[in-house]
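What follows is one structure encoded as structure tokens, with my remarks underneath.
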Amino acid sequence: MHELDQAKFDKAKEDAETYYKTINEVHCPFFNEKIVFNSKGLEHIKFKNIRQARPHWDQYVRLKLISLAPKIINASHTIQGISTHNSFEREKTHGRWDTIMRSATYYEFVAVIKDTRVRIVIKQVGGGIKYFWSIIPFWKMDKISGRRLIHNGKPESD
């Protein structure tokens, strides 16, 4: 269904990772604070969870769009969605990794740039810092149900 040349994928991945590492943080007018671009966001783009990588075609599309994330966050004055869930978060405590139940809030911004419609998700765990979590391409709509195809509407896993 979705065939992707490995060399093309590897090039997109390398370019996106190099670019991502240069971002650090971006000012968001909606929050009037900095949004951090840490390793968690890049990891989420490549993996659905700690043990399951996203399909290459899904990673490829997200990696190709990563350069839009800072622009959208920097221009966002209106939020399109907020959701709070209890979720298991990996945290390093006492020199080891633990999985702990925490309250996580997801903030969603939708934008259209150069005919590309994307959703940016910002995550905040507890009262901690807000950081870039995901970029989700807006795919086709199911004509029968009117729902988005590909993604399930759960920002923690999308």
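The values are calculated or read from the model by the stated rules, or taken from the named source; none is laboratory data. Fair warning: this is a prediction, and the values are worked out from it, not measured in the lab. All Cβ positions, glycine included, derive from the backbone under ideal geometry; neighbour counts span all protein chains shown. Accessible surface is based on the protein model in full, side chains and every heavy atom, while ligands, DNA and RNA are left aside. Shrake-Rupley method; radii C 1.70, N 1.55, O 1.52, S 1.80 Å.
Data overview
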{"quantity": "Hey, residue 84 open to solvent by 50 Å² or more (accessible area, probe 1.4 Å) and within 24 Å of residue 116 (Cα to Cα) or not", "calculated": "no"}
{"quantity": "Total residues in the range 16-28, condition farther than 11 Å from residue 60 by Cα and open to solvent by less than 90 Å² (accessible area, probe 1.4 Å)", "calculated": "8"}
{"quantity": "Qualifying residue in the range 49-62 (condition: over 20 Å from residue 138 (Cβ atoms) and among the small types (Gly, Ala, Ser))", "calculated": "yes"}
{"quantity": "Meets criteria (over 13 Å from the mean Cα position of the chain (by Cα) and among the hydrophobic types (A, V, I, L, M, F, W, C)) for residue 73", "calculated": "no"}
{"quantity": "Subset of the range 89-132 [without any contact (Cβ under 8 Å) to a residue 12 or more places away in the chain and in a strand (DSSP E or B)]", "calculated": "91, 92, 93, 96, 97, 98, 99, 112"}
{"quantity": "Number of positions in the range 43-81 that are free of Cβ contacts under 8 Å to residues at least 40 places away in the same chain, closer than 24 Å to residue 6 by Cβ and open to solvent by 20 Å² or more (accessible area, probe 1.4 Å)", "calculated": "6"}
{"quantity": "Subset tally (residues that are modelled with pLDDT of 95 or more and touching a Leu at 6+ places or on another chain (Cβ under 8 Å)) for the range 21-54", "calculated": "0"}
